Amino acid sequence: MSDVDAMPPAPKMPPRAVVCGFCGHPYIQPCTAETEAACPNMIWLRSAAQQSTRHHYIPQFYLRRWAGEDDKVCELSRPHKNIYRQRVYPIQTGFKDRLYEKPGVPKSIAQQVEDKFMSPVDNFAAKALDVIEVDVEKTWNDAERRSAWSLFLMSLMMRMPEDVAALTEVVEDDWKRDLPQLREKYAANRKPDDPETIEEFIEKKDPEYIGRWVMNDLPELAHHEGIGQLLNAMRWCVVVTPDDAPPFLTSDRPLFMSKTFSEAECYLTLPIGPHRLFVATNTEETERKFKDWPPKELAQEVNSQVAKQAVKYVYGLDHSELGFFDKLMSTDRPPRLMERLRDRRREKDASA
């Protein structure tokens, strides 16, 4: 017997762990919804804190700036013909349950967009705003806070329920456009026991793929590098109005953008308190216009914009602006950024 024959067999090496494309954790085999109960990663995650399913498209830190001594804000709405007003806590308004939920994945990771993206965006923005309203010029040399605030502004352009709906339509349009090619590939590679069509295959294997695709795309779009750079390059200021001026209102669509970023006259406004207005402009001339604007006229103009583009709610310190709200609520809501993207892509596909 040779020395080689006398050697004990080499120990069998355990399989190498890989990152599961479904749940995003190191795992021997990719997990599915069916195997979630037996997945060690999922068992460990289920012992973690409960994930949020109440998703605020209007962040609580932002609305608290209009809270009174009772910690509530005045909410104005028109669910039917008449105006309805009530005082609510910020946690009670400006939300839609499971708005950013990722479907077709284990429950323990279904709320990742909210927990891992939206919540951090809001937390960092709250800290950035503390600096901005005290001395906005400090952000010129504070790339972290400046980027955090720009990201928050971008999120306000893309996080609303109608934005999610429009993005879903974009994804569905892309799917329909590519379907003929996908059908050919599926037919060429179809196994005998596979469903006859790719539509049947997807419905059987992954019926939630559209919703998951949307939630995968949303954080990437809200973190758009090009838009972020344009926002960072704009001139920022905070206009403070005196106590005797009409207070600024806000709404469930509080960010106003006048033109496209490339136009010199473009400006963005966002009320950040009853007597504070954040303004971003491309030129010193436009910035000076806001600073020199008589406070009463400025408040009327901003409140008009806020009320016109509101969808369900307008917020304020009290209901003193009830008549103003009644005349302008949702009378001139401009298309959202995601809606414009959807429409442009449809026009391009139609002309192709």
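Descriptive notes on the structure:
- Accessible surface, per residue, of the stretch 142-228 when the full set of protein chains is kept, probe 1.4 Å, Å²: 55 Å²
- Between the amide H of Tyr267 and those of Ser258, Lys259, distances stay under 5 Å, these residues lying 5 or more places away or on another chain, with hydrogens modeled in the peptide plane.
- Cα centroid of the stretch 282-308 to Cα centroid of the stretch 62-122, whole Å: 27 Å
- For the Cα trace of the stretch 128-274, dividing Rg by the Kirkwood Rh returns an Rg/Rh value of 1.17.
- Solvent-accessible area of Tyr57 with every protein chain in place, 1.4 Å probe, in Å² to the nearest 10: 10 Å²
- Phi angles of the stretch 331-345 translate, via the Karplus equation with coefficients 6.51, -1.76, 1.60 and θ = phi - 60°, into HN-Hα couplings of 8, 8, 7, x, x, 6, 4, 5, 5, 5, 4, 4, 5, 5, 5 Hz per residue; Gly and Pro are given as x.
- On Cα atoms only, tilt of 161-189 relative to the major axis of the chain in degrees: 30 degrees
- Over the stretch 172-211: Kirkwood hydrodynamic radius from C-alpha pairwise inverse distances, Å: 10.7 Å
- Per residue accessible area of the stretch 275-352, 1.4 Å probe, in Å²: 57 Å²
- Shown here: the stretch 207-308, whose C-alpha atoms stretch 56, 26, 18 Å along the first, second and third principal axes, sorted largest to smallest.
- Residues Asp244 and Trp140, FRET efficiency given R0 of 35 Å [Cβ-Cβ distance, rounded to 0.05]: 0.65
- Theoretical ellipticity at 222 nm over the chain - DSSP helices of four or more residues, -39500 (n - 2.57) apiece, nearest 500: -13000 deg cm²/dmol
- Cα-based reach from Lys127 at 30 Å (exclusive), listing lysines while leaving out same-chain residues under 8 positions away: Lys72, Lys96, Lys102, Lys116, Lys138, Lys259, Lys289, Lys291, Lys296, Lys308, Lys312
- Net charge over other residues, Cβ less than 15 angstrom from the Cβ of Thr286 (K, R count +1; D, E count -1): -2
- Ordered from highest to lowest accessible area with the whole protein assembly present and a 1.4 Å probe, Lys72, Lys96 read as Lys96, Lys72.
- Debye, to nearest 20: dipole size of the chain, +1 on Lys, Arg Cβ, -1 on Asp, Glu Cβ: 400 debye
- Angle between the chain longest axis and helix 209-222 axis [Cα atoms, degrees, rounded to 10]: 50 degrees
- Options Leu328, Leu270, Gln300, ranked by Cα towards positive dipole end of the stretch 184-331, top entry (Cβ charges): Gln300
- Net length gained if the chain between Asn82 and Lys327 were fully extended (0.36 nm per residue, minus Cα distance): 87.0 nm
- In the assembled protein chains, Lys289 presents an accessible area of approximately 110 Å² (probe radius 1.4 Å).
- Phi angles across the stretch 253-260 convert, under the Karplus curve 6.51 cos²θ - 1.76 cosθ + 1.60 with θ = phi - 60°, into 3J(HN,Hα) values of 9, x, 7, 10, 10, 7, 9, 6 Hz, Gly and Pro given as x.
- Projected onto its three principal axes, the C-alpha set of the chain covers 101, 51, 40 Å, listed from the longest axis down.
- The gain in end-to-end length when the Trp175 to Ala233 segment is fully stretched comes to 17.3 nm, 0.36 nm per residue minus the alpha carbon separation.
- Remark: the stretch 270-276, residue by residue, has Karplus-estimated 3J(HN,Hα) of 8, x, 10, x, x, 10, 9 Hz, where x stands for each Gly or Pro and the curve is 6.51 cos²θ - 1.76 cosθ + 1.60 at θ = phi - 60°.
- GNM result for the chain, Cα springs below 10 Å: residue of Pro106, Pro294, Pro192 fluctuating most strongly: Pro192
- For the stretch 61-210: span of alpha carbons on each principal axis (Å, largest first): 69, 48, 29
The values are calculated or read from the model by the stated rules, or taken from the named source; none is laboratory data. Every value quoted in this text rests on a predicted model; they were computed, and no experiment measured them. Backbone-built Cβ (ideal geometry, glycine too); neighbour counts: all protein chains shown. Only protein heavy atoms, including side chains, enter the accessible area calculation; ligands, DNA and RNA are left aside. Shrake-Rupley method; radii C 1.70, N 1.55, O 1.52, S 1.80 Å.
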